Structures are given as C-alpha cells and as structure tokens.
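Shown next, in structure tokens, is the structure this report addresses.
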Amino acid sequence: MTSVFFCHNFCYNVLRRVDMNIYNMTREDLEKYFESIGEKKFKGIQVFDWLYKKRASSFEEFTNIKKDVITKLKEDFVINKPRIIKVQHGKDVHKYLFDLKDGEKIEAVLMNHDYGNSLCVSTQVGCNMGCAFCESGRLKKRRNLEVYEMVTQILLIEEIQNIRISHVVLMGIGEPFDNYENIMKFISIINDDYGIMIGARHITVSTSGIVPKIIEFSKEKRQVNLAISLHAPNDEIRSKIMKISKVYSIKELLDAVKDYLKVSNRKVTFDYIMLKGINDSKECALELSKLLKGMNAYVNLIPYNETSHIEFEASDKITIMNFYDVLKKNKINVTVRREFGSEVDAACGQLRSKYEEE
Ligand code: SAH
Ligand code: SF4
C-alpha cells in the first residue's frame with residue numbers, strides 16, 4: 001500500500017514539475033498553494049501582479065518575493081508561453097497561429113473596433129460538435145486547451161502588437177462548454193482585478209448549445225455575455241447542419257437560455273450564419289421571429305465565410321437584407337455582422353486548416 005501511495009505521490013510531483021504552467025493558476029489557486037507551503041496567502045496577489053500587471057516572464061523578476069519561495073516556485077511551476085508562428089494582417093483584423101508544446105496548432109483573431117480591441121480566442125484543438133459548415137468541426141477535437149494556452153493568447157498578442165485587449169470572445173476553434181472547467185478558470189484570471197482585468201461584460205462565451213452546461217453557467221453568477229449559435233429556426237433544419245441538435249431540441253435550448261436571462265440579467269445573442277438555400281428564406285425569418293418573440297434577445301446575422309473544403313454557399317447580400325427586414329418588422333433586435341476578416345480566413349479554424357495543407 002505504502003509503495004503504491006509513494007509512487008502515486010512521486011509521479012504526481014514529477015508530473016507537476018514538468019507540466020504545471022503558472023498561467024494555469026487562478027488567484028485563488030495560488031493563494032491555496034501558498035497556504036499549503038506555509039506561506040501567506042497574499043503572495044497569490046504578488047504573483048498575479050508580476051504575471052499580469054508587470055508582465056514578468058521569469059521567476060527571477062519577482063524581486064519582492066523571498067529567494068527560498070522563488071526556488072520553490074521554480075520547482076513546482078514553469079512559466080512558458082506557446083509560440084506565434086504565423087501572422088496574417090488584414091484591415092482591422094489580424095490572425096495569429098500558435099504552435100503548442102505538443103506541436104498542435106490553434107489560432108486567435110484580433111479585431112480593432114471603434115470601442116476597443118477584441119480578441120477571439122480558441123478553447124480546444126479542433127472540435128467534436130461536428131457542425132457541417134465549420135472547419136474546426138471537420139478537424140475533430142484532438143484535446144482541450146489548458147488554461148495557460150488560452151491566457152497566453154491574450155498576453156502574447158498584447159505584447160507583440162503593443163496594445164491592450166478590451167474585449168474577449170470565446171469563439172475561436174472549439175466548443176467552450178466542452179472544456180468547461182478550464183474556460184471558467186480562464187475567465188476568472190482575465191476578469192480578476194489583479195489579473196488581466198477585462199470586465200465580465202466585455203467577455204462573451206459562444207456555445208453551440210450544450211444545455212446542461214448553460215444551466216451550470218447560470219449558477220456561476222458571472223456577468224458574462226452568452227452567445228448561442230442557433231443557425232436555424234426549427235429542429236428540422238438545425239439537425240441538418242448541427243449534430244448537437246439531435247441531442248438537445250431548440251425548445252430545451254431556449255428554456256435554458258431563458259433561465260440564464262432571468263438569473264444573469266445579461267443579454268443573450270443568437271448567432272445565425274446565413275447559408276444559401278438552407279436557412280435564409282423569408283419563411284425561416286418569420287419562424288425565427290416567432291421563436292424569439294418576447295425574449296431579451298439579439299440576433300446576429302453572420303455572412304458565411306466560404307471554405308474550400310465545405311460545399312455550403314454564402315447567402316446573397318439581398319437575401320440577408322430581406323431576412324434582416326423581416327426580423328426588424330417583427331421587433332427583433334438584429335444586426336448583420338460586418339464581414340470581418342474573410343481576407344485573412346478569419347472564420348473558425350480556417351487559418352489552421354490552411355496551414356496544415358501547406
Ligand atoms: N463552438 C462555439 C464557438 C466557436 S464557433 C460555437 O459554435 O458557438 C464560433 C462561431 O463561428 C459560431 O457561431 C460558428 O457557427 C461560426 N462559424 C463557423 N464557421 C464559420 C464560417 N465558415 N463562416 C462564418 N462563421 C462561421
Ligand atoms: Fe465546433 Fe462551434 Fe465549429 Fe460547431 S461551429 S464545429 S461547435 S467550433
């Protein structure tokens with residue numbers, strides 16, 4: 001028994017030494033860690049200050065922390081960041097490809113808006129949700145991103161662009177609610193006043209609609225925005241393009257969203273990709289209006305970014321405008337997303353997929 005226990009502990013320590021990146025730790029995690037090694041809890045704030053305010057990149061820079069504590073930190077953590085290996089610049093949109101420690105690739109997209117800089121972060125390598133129109137789904141999930149792999153997307157881009165990111169959307173590669181624990185830690189770090197300090201109202205989680213996770217998310221009581229990738233006004237059309245629709249009906253999805261609205265008092269956005277001949281008819285617009293009537297909902301019509309691998313076509317501009325008009329007439333808040341970044345392949349998973357072909 002003893003030897004098994006010893007072995008387990010030994011392996012745990014070895015693994016921790018190799019693997020535990022300090023950017024994985026929320027402030028609370030660090031406070032608990034310091035208490036567990038007999039140090040004062042406030043060292044958690046000091047470490048956050050070095051990492052996120054002063055942007056230190058080695059433990060040696062933590063000059064207000066005692067030498068023996070630094071030695072212990074070095075034993076227990078690493079402080080590495082992934083590498084940016086490719087950048088594409090467009091007008092007001094910049095796309096970054098990251099090489100992770102195991103050679104996997106992910107991407108982040110920076111958008112310069114009038115109101116600030118918004119970063120679209122990836123949450124997984126690939127995605128298992130298998131939406132028919134999406135490159136990330138085509139590439140399947142290879143693994144979840146660790147917390148540090150999300151946090152450092154922000155740090156690295158702020159560093160190389162010399163800017164401050166004011167808004168974060170979890171809309172890159174992956175389904176955030178399929179990596180729930182890590183994205184919640186990520187949100188905690190970036191929202192923390194001692195951390196990156198991005199206001200909760202400037203953070204948006206986008207989901208294809210994993211209902212139990214939406215319910216769990218409501219209970220977190222964070223003032224974070226939720227975006228639902230709806231893409232269809234009924235289950236019949238939705239199940240043709242989104243596999244998740246076979247697991248959770250639109251009714252179940254909307255019930256969970258209504259509960260979220262009640263608890264959070266935040267707005268919910270419904271994203272709707274305009275796919276030619278699939279979901280873009282006037283009848284669809286009417287049905288969608290009826291579905292969302294009375295909810296504090298915003299609909300975001302998204303011009304589809306065509307990809308070379310997937311046969312769907314983008315709806316014509318006039319079809320999109322007709323669809324928009326029907327929603328407007330029915331008093332649904334609606335916007336058409338500016339065609340951001342098609343020149344840099346900015347839709348979900350496209351840069352990574354191109355890179356893999358080269
Ligand atoms: N998995 C989550 C978040 C990442 S996908 C979700 O589905 O919500 C982010 C958004 O990009 C989704 O609304 C998705 O439908 C959209 N998207 C995927 N491929 C696209 C494409 N080729 N053109 C435009 N939007 C796309
Ligand atoms: Fe996954 Fe979102 Fe792409 Fe669907 S749209 S496959 S959920 S990343």
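Just so it is clear, none of the values below were taken in a lab; they were calculated from the coordinates. Note that the coordinates shown come from a computational prediction; the quantities given were computed from them, not determined experimentally. Counting neighbours? That spans all protein chains shown, and the Cβs are built from the backbone with ideal geometry, glycine included.
Hey, got the dipole for the chain? About the Cα centre, +1 on K and R Cβ, -1 on D and E Cβ, debye to the nearest 20?
Details: 54 positive and 50 negative charges, 164 e Å.
With only Lys, Arg, Asp and Glu charged at Cβ, the dipole is about 780 debye.
To the nearest 20 Debye, how big is the dipole of the stretch 228-299 about its Cα centre, given +1 on the beta carbon of each Lys and Arg and -1 on that of each Asp and Glu? All intermediate terms of the calculation are to be shown ahead of the outcome.
Values: 13 positive and 9 negative charges, 25 e Å.
I would put it at about 120 debye.
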Pairwise label distance in nanometres, K290 with N322, each label 7 Å out on the Cα-Cβ vector: 1.9 nm
The chain - percent relative contact order, Cα under 8 Å, separation 6 or more: 14 percent
Cα lying deepest toward the dipole's positive end in the stretch 113-172, options G130, L155, L170, charges on Cβ: G130
Gain upon complete extension [D49, M20; 0.36 nm per residue less C-alpha separation]: 8.5 nm
Residue-span extension gain [E311 to N330] - 0.36 nm each, minus C-alpha spacing: 3.7 nm
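Suppose R0 equals 25 Å; then what is the FRET efficiency for K74 and D193 from their Cβ-Cβ distance, rounded to the nearest 0.05?
On the way: r = 27 Å, r/R0 = 1.08.
So, using R0 = 25 Å, E works out to roughly 0.40.
So for the chain: antiparallel DSSP bridges make up what percent, rounded to the nearest 5?
Details: 21 of 47 bridges.
Close to 45 percent.
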Computed [θ] at 222 nm, helices only, for the chain once each DSSP H run of length n ≥ 4 contributes -39500 (n - 2.57): -11500 deg cm²/dmol
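Using the Kirkwood radius over C-alpha pairs as Rh, can you work out the diffusion coefficient of the stretch 148-234 via Stokes-Einstein at 10 °C, viscosity 1.306 mPa s, in µm² per second?
Details: Rh = 13.7 Å.
Result for D is 116 µm²/s.
Could you list the GluC sites (Glu not before Pro) in the stretch 212-258 that lie in coil according to DSSP, counting only those with at most 15 other Cβ atoms within 10 Å of their Cβ? Kindly include the intermediate steps, with their values, before the conclusion.
Numbers: sites: E216, E220, E236, E252; in loops: E220.
Here the GluC sites (Glu not before Pro) that fit, given the DSSP loop and packing criteria, are E220.
Hey, can you rank 85-91, 175-181 by average C-beta count inside 10 Å, highest first? Walk me through the intermediate numbers first.
Details: 85-91: 13.9, 175-181: 20.7.
Descending mean neighbour count gives 175-181, 85-91.
By how many nm would the segment from E60 to R83 grow when fully extended, if each residue of separation counts as 0.36 nm and the alpha-carbon distance is taken off?
Working: separation 23, 0.36 × 23 = 8.28 nm, distance 2.13 nm.
Extra length available between E60 and R83 comes to 6.1 nm.
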Whether the chain is rounded, prolate or oblate, judged on the alpha carbon gyration tensor where a/c under 1.5 counts as rounded: prolate
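Measure up K95/K262; K95/K276; K105/K282; K66/K95; K81/K140 against 29 Å on the Cα-Cα distance and list the ones that go over. Mind dumping the intermediate values first?
Details: K95/K262 36 Å; K95/K276 27 Å; K105/K282 40 Å; K66/K95 40 Å; K81/K140 24 Å.
In this structure, K95/K262; K105/K282; K66/K95 lie more than 29 Å apart at Cα.
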The stretch 40-177, dipole about Cα centre (Lys/Arg Cβ +1, Asp/Glu Cβ -1), debye to the nearest 20: 300 debye
Distance (nanometres) between label positions extended 7 Å along Cα→Cβ at K140 and D114: 4.6 nm
DSSP-assigned coil residues among chymotrypsin sites (Phe, Trp or Tyr not before Pro) in the stretch 94-155, each with at most 11 further Cβ atoms within 10 Å: Y115
Packing-based order for 199-211, 296-308, using average beta carbon neighbours within 10 Å, highest first: 199-211, 296-308
